[in-house]
Every structure is written in structure tokens, then in C-alpha cells.
Amino acid sequence: MIQVLHISAECYPAAKTGGLGDVVGSLPKYLTSSNVLSAAIIPKYATKWNVNAEWITVFKGSVWVDWHEHYFEVHQHAGNTLGYPLFTVHLPGLFDRPGIYNDPSGAPYPDEIRRSVAFQQAVLEWLLSFPWHDRPRVLHCHDHHTGLIPWMVKYCPKYQHLAPIPTVFTIHNGQYQGAFGWSNARYLPPYEPGTGTILDWNGHINPMAGAIKTAWAVTTVSNSYLYELHQSSLGLESLFRQEWQKEWGIINGIDAAVWDPATDPMIQQRLESNDVAAIKTFKEANKAILCEWFGLPKDWPLISFIGRMVGEKGSDLLPEVYKRFLNAGARVSFLVLGTGETWTQNEFRSMVHAYGGRFNAVIDYNEALSHQIYAGSDFLIMPSRVEPCGLNQLYSMRYGTIPIVRSIGGLKDTVPDIAEADGTGRGIRFDKFNVEDAVYAIYRASSMWHNDPDTVDLVRKKIMDIDFSWENAVAQYLNVYKSIGSSVAPEVVNLTPVPEEPATPAPAAEPTETPKTKKASRTKKK
Ligand code: ADP
């Protein structure tokens, strides 16, 4: 029986644009390996991975959104090879597109409200088809795309049979709240009179605010970020303060099986052992390959940036910061991987021409290249304005790349400065979001690399030995589930492959309006 159902817009490897995908792709796996069977459900996008995977249809139904009936199917990933059951909701016409949120030109899909409401209702329709004793013991919703669910199960008569299931809402990014105007209220399913206003925040329907008010527990991905949300969260500050008693900060783990320098198939040279000499060989070989690919010098420190080029990540600060070094002829080189705002992309593109041989940029989303950059760089810079947890610094440390970070959110919680007297340092930190502070941090990194290679070796060894695995976070999530009265408990998990022809889902214990529940069938899309 699925004890915890994670409901999300992303889940790696089926769909990922950032950390949300990584977390939802690994947390269920580690909960399951702790004997708490957890599954994930996301919309079925036409991503390459989804199209090539084999799926079993386990449920068919329909939902009404703004006077349109949308038929859907719930597909289960065949074989259970991910370490947890992954389900996708196939909503023809709404999600079978190549992009997750945006079309190939980068523009957001215009029917976001319909898509989001249809997906959330479809998940609940599917859950209603479970016999009551077989329903998950926690509905764990991630980010605003699933933020209406805690409200729907409480206040929409159609879903009231699910109301006893505790809901947890995790904020991976408080910058995006999914707000839309009341003129679009027709997209919501029918609700009890007067309860629509619960979704209101500053005159808009705000799914994130609705979830903070109605979920049984609210978590975010670091303690510092939780504190920051109370100070500044695009208008939700007072709400965060009001609900403080049910809020938790839990730092993310990383999937140590995917991010393992000893076995990672996406890097050119794997780590042979954990001693300083082997680490040196690992770093030098991977750096040599990167430098060859991008025409950069091997004998200068290589400082990389990976990420979405958006305001939160502070990538717009980097062109000016880098130019200070490049114009001064400093012995340091830079590599950038990312996509995002046009201004930043264009700046980086023109810098490739102006500073070739010392600077390079790949304006793309490229998972394999990101692994090689984590493995082959000396430093990874994260000048973020906002950073709820940040995974890049965790991956970079795992691959022996020293992080240079702004002291904010999860970066503050995971990267103490190497100058700390207590010897806990893991990287280089700077406080203020300005060119001077970032330049000084890079200057410190570059000087250490040129003048103190032994310290570089020691820091690398230290950060590669840190255990960033999910075990710690899993224990904290289990605490949260229990604190809200969920009966989650370790039990024997039998992750057998999905059968060829699974039985038709059992009828719901209570009558539902779910129109069609047909026999499951196997589909393979190639
Ligand atoms: P966020 O979710 O805010 O984007 P995180 O640090 O939590 O930031 O997670 C970012 C994830 O996305 C990391 O796995 C990072 O390697 C990956 N990533 C971001 N941009 C790219 C890119 N252009 N190519 C490959 N991976 C990327």
C-alpha cells in the first residue's frame, strides 16, 4: 500500500527543470528504502524519457474544468525500476507537449490554470477509486502547482472522502505562487459556500497561500529559507508568521546513486578511491576534458556557473563580475551553463566572442554536461538573490568542486566559510549582493588555488567526504507526518514489477462521480 503520495509538476528523470524535479525524483525512493512505500504522481508531458518509457494504464476517468470535460488516464511506470512507483496523469491536449511549463520559444503555456486544476482534480479522482483502507496515509504536495489540493480535499464536496488524509505542502520556491484573478474562479471545482475566500490573498486566488492555510503541515527546504520567508515572501510574510506552528525547515538530500563520482556514467573520468591523490587525478582528468572542449587553460582556476538565468539565481551579476577579471588579465577562467533571461544570455554570448580562451558559455539545458562541469571545475559560483535550498552546491561538493556562494537560504545552511575558526569550512561565502563582494570572493578562490594548493586538496577531500544523503531528511519528514497524526509506519515493502495485466482498480468504498474506470492495459510508446 502506498503510504505517502508525492504530487508534483516535476520528477526526475521523467520531467525536470530544476531542484523540484531532483527532490521529487529521490525523496520517494529514500522513503521507500526506509520501508515507507512512497510514490510520485506528475502530469504526463511528452518528454523524451516519458515517450520512451513503458507504461501501464491503471485508471481512466474524467474531470470537469470550466465546463469542459477532460478525459484522463493514470499510467504507472512499468517495472518499478526507479525504486518507487511513478505515476503520470495523461491528459490529452493539456500536457502532451514537449515543454513542462513553457513552449519551445520559452513562452509560458497560456492555459496554465486549466492544466493545473485538471491535473490536481485528476489525482483526486484517482484517489477516490482506492478502497478507503488502501488510500495513502499522507498526501505530500509540492509547490504551487499542487497547492489547491489541501483546500480541495477540505472544502470541495466531491473530494470530501479524502479529507481525513493528512496533507503536507512543501515549498521549494516561494517566488512562484501560481496566483490568478477571481475572474478565473470558474476553473475551480464546486466548493462549499464561503470557502473560496480561503484561497484569497491580496484580492487574488493564490494556490500557495491556500495551501499554507489549509495543509496540515507546511515545510520548506532549509531553516534559513523558512526564516527568510517570514521576512520577505512577495506579500505572504504575515501568513507565514500566522501559521508558524505548523512550519518546518528540512534541508534536501541528494540522490547519492545518481550523483556518485565513482559510478556516474555522465562523466569522463570516475573516482577510483577517496584518498587525496585519487581525488587529484579525478579532478585533473575531468578538468582537462572540459578545458579541451571549451578552449580554456588547464593551469588556471576554472570557475563555473550552472543554473537558470533568472533574477533569483543572480546570474545577471556575473557578466560585470567576470569582466573585472577578464579585463584585468587575471589568471582565472570561467564557464557558464544555463538558459533564461534574454539579457543575461546575450551578455554571455557576446562575452564568448570578446573573451574566448578564458570564458565560455553554453546557453542550453544539458544534464550530462552539468555532471561533467561539476566534476571538472575547481569552483562553482552561486551568487543567488534567493536560494531556498540549492542543490548545485551539494552536487559540486560531492564532486570535489569548492562552492563560492552568497550567504542566503540553504547556501548559508550548507556552506560554512573556510575561514571559520572552528574548521567547519566547506567553501567561500560573501554576504552582499553586489559586484564588489562577488569579485572579492572570486579573488579569494583564485588566490587560494594559485598560492595554496595544499589547502585546496584538503578542502576537496573534506567536502567529498560529507554525507549529503537523504537519510537525515527522510527521518525529519517521517517526524512531520507523525506530528500531524498520520499513521505512516515502516512495513515490509514489496516493490514487485507492475503485473502485465493488473487487476481493474477496486471500486471506491464511497460512491463517487468518477465516470469511467476501465480495465488496465499496457502501453508502450516508442
Ligand atoms: P532551482 O530548482 O531553483 O533551479 P536547484 O539548485 O535546487 O535550483 O536545482 C537546480 C538543478 O537543476 C540542479 O540539478 C542543476 O544541476 C540543474 N540545472 C539547472 N540548470 C541546468 C542546465 N542548464 N543544464 C543542466 N542542469 C541544470
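The values are calculated or read from the model by the stated rules, or taken from the named source; none is laboratory data. Keep in mind it's a predicted model, so treat the numbers as computed, not measured. Note: areas computed on protein heavy atoms with side chains; ligands, DNA, RNA excluded. Shrake-Rupley method; radii C 1.70, N 1.55, O 1.52, S 1.80 Å.
Each principal axis of the stretch 167-296 carries a Cα extent, and these read 67, 31, 25 Å when sorted largest first. Solvent-accessible surface of the stretch 288-364, averaged per residue with a 1.4 angstrom probe and all protein chains in place: 40 square angstrom. Rounded to the nearest whole angstrom, the semi-axes of the ellipsoid equivalent to the stretch 1-147, taken from the Cα gyration tensor as √(5λ), stand at 23, 18, 14, largest first.
Using only Cα atoms, find the angle between the long axis of helix 19-33 and the longest principal axis of the chain, and express it within 0 to 90 degrees, rounded to the nearest 10. Roughly 70 degrees, rounded to the nearest 10.
Is the shape of the stretch 276-464 rounded, prolate or oblate, going by the alpha carbon gyration tensor and its root eigenvalues a ≥ b ≥ c, with a/c under 1.5 for rounded and a/b larger than b/c for prolate? Note, shape of the stretch 276-464 comes out rounded. Taken along its three principal axes, the alpha carbon spread of the stretch 4-249 comes to 46, 45, 42 Å, from the longest extent down to the shortest. To the nearest 10, the accessible area of Arg270 is 100 Å² with a 1.4 Å probe. Relative to the dominant Cα principal axis of the chain, helix 112-128 is inclined by about 60°. Would you please classify the overall shape of the stretch 143-224 from the alpha carbon gyration tensor, given that a ≥ b ≥ c denote the square roots of the eigenvalues, rounded means a/c under 1.5, and beyond that prolate means a/b larger than b/c while oblate covers the rest? It is oblate, given that a/c is not under 1.5 and a/b is not larger than b/c. Lysine pairs in the stretch 276-464 whose alpha-carbon atoms fall under 18 angstrom of each other, counting only those eight or more residues apart or on distinct chains, come to 12. With kT/(6 pi eta Rh) evaluated at 25 °C and eta = 0.890 mPa s, and Rh the Kirkwood radius from Cα pairs, the chain diffuses with a coefficient of 102 µm²/s according to Stokes-Einstein. Distance from the Cα centroid of the stretch 256-299 to that of the stretch 51-104 is 37 Å (rounded to whole angstrom).
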